[in-house]
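Read-outs: derived from the displayed coordinates by stated rules, not from any lab. Note that the structure is a prediction, hence the values are computed from the model and not measured. Cβ placement follows ideal geometry from the backbone for every residue including glycine, while neighbour counts extend to all protein chains displayed.
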Amino acid sequence: MTIQGITVALSKGRIMDSTLKILREAGIPVPEDIESSRKLILNTPNGEIDFILAKPVDVPTYVEYGVADLGIVGKDVLVEADRDLYELLDLGIGKCKMSVAGLPNTEPHTSMPRIASKYPRIATEYFRGRGQQVEVIFLNGSVELAPLIGLAERIVDVVETGRTLKENGLVVQEDILDISTRLVANRSSFRLKSGVIDEFVRLVRGVVEQKE
Ligand code: PRP
Ligand code: MG
């Protein structure tokens, strides 16, 4: 079965290169100029696949609403978005952790400690699950600033190499979740285009398993 007639939403940014590498190794047609172009929708020369290049946080939205049949995005974004999707495959790239971090040797000293995060749902659920009352403050990025300037005592954020924490004098206090890049599908596409999607998964899985 040839892969055709599907739209795939890719996450722009740090997982893009390794995602494209896997797709190409899997023999899935990928537009040659996808890295260099500023286009946000690209299709393959024979029109088999449309690729949407989206902000990672928007990928679950495109897939839930069915404007993309498939999406490739981090587990952090998926858990935070909590959309109604099928998760089909772990691509084994973009590996990192969601962690609680803060300044070393500090104990929470207020009854309602403030937690800064780009992941307010994950942060809220985590502390609720532990029966701890916290105030979660949403930030869009550079979350490591918050403890340094007294906005929050701790942060919930993604840690990959640990370099950002280290260079800002912060330490991991607790790990919340293992993260990696996932392939997700729209629920109706998964039924209506099952042949093509199964083949897409089979090809990608072949490459992912080789790398394990
Ligand atoms: C991410 C994340 C951490 C850092 C983790 O930030 O929010 O800050 O990378 O990587 P490390 O452990 O290898 O240092 P990003 O650079 O994506 O920017 P942002 O937080 O401003 O969105
Ligand atoms: Mg950051």
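Could you pull the Rg and Dmax for the range 43-110, using just the Cα atoms, both in Å?
17.2, 62
Taking 0.36 nm per residue of sequence separation and subtracting the Cα-Cα distance, how much length would be gained by fully extending the chain between ASP84 and LEU103, in nm to one decimal?
Separation in residues times 0.36 nm, less the Cα-Cα distance, equals 3.2 nm.
Would you kindly state how much longer the chain becomes between VAL172 and ILE137 on full extension, computed as 0.36 nm times their sequence separation minus their alpha carbon distance, in nm to one decimal?
Full extension of this stretch gives 10.7 nm more.
Size of the chain along its principal axes in angstrom, Cα-based, largest extent first?
So the extents along the principal axes, rounded to whole Å, are 61, 32, 32.
Which of the peptides 137-146, 178-187 is most tightly packed, and how do the rest follow, going by the mean number of other Cβ atoms within 10 Å of each residue?
Listed from highest to lowest mean packing, they are 178-187, 137-146.
Using square roots of five times the C-alpha gyration tensor eigenvalues, list the equivalent-ellipsoid semi-axes of the range 68-167 in whole Å, biggest first.
For the range 68-167, the ellipsoid semi-axes come out as 27, 16, 11 Å.
Over 30 Å between Cα atoms, which of LYS21/LYS75; LYS118/LYS193; LYS55/LYS97 qualify?
Going by Cα-Cα distance, LYS118/LYS193 fall outside the 30 Å limit.
Rank the residues THR2, THR124, THR7, THR106 as a footprinting-exposure proxy: fewest other Cβ atoms within 10 Å of their Cβ go first.
THR2, THR106, THR124, THR7
Which of the trypsin sites (Lys or Arg not before Pro) across the range 124-181 are loop residues per DSSP, with 12 or fewer other Cβ within 10 Å?
Loop-located and lightly packed - ARG130.
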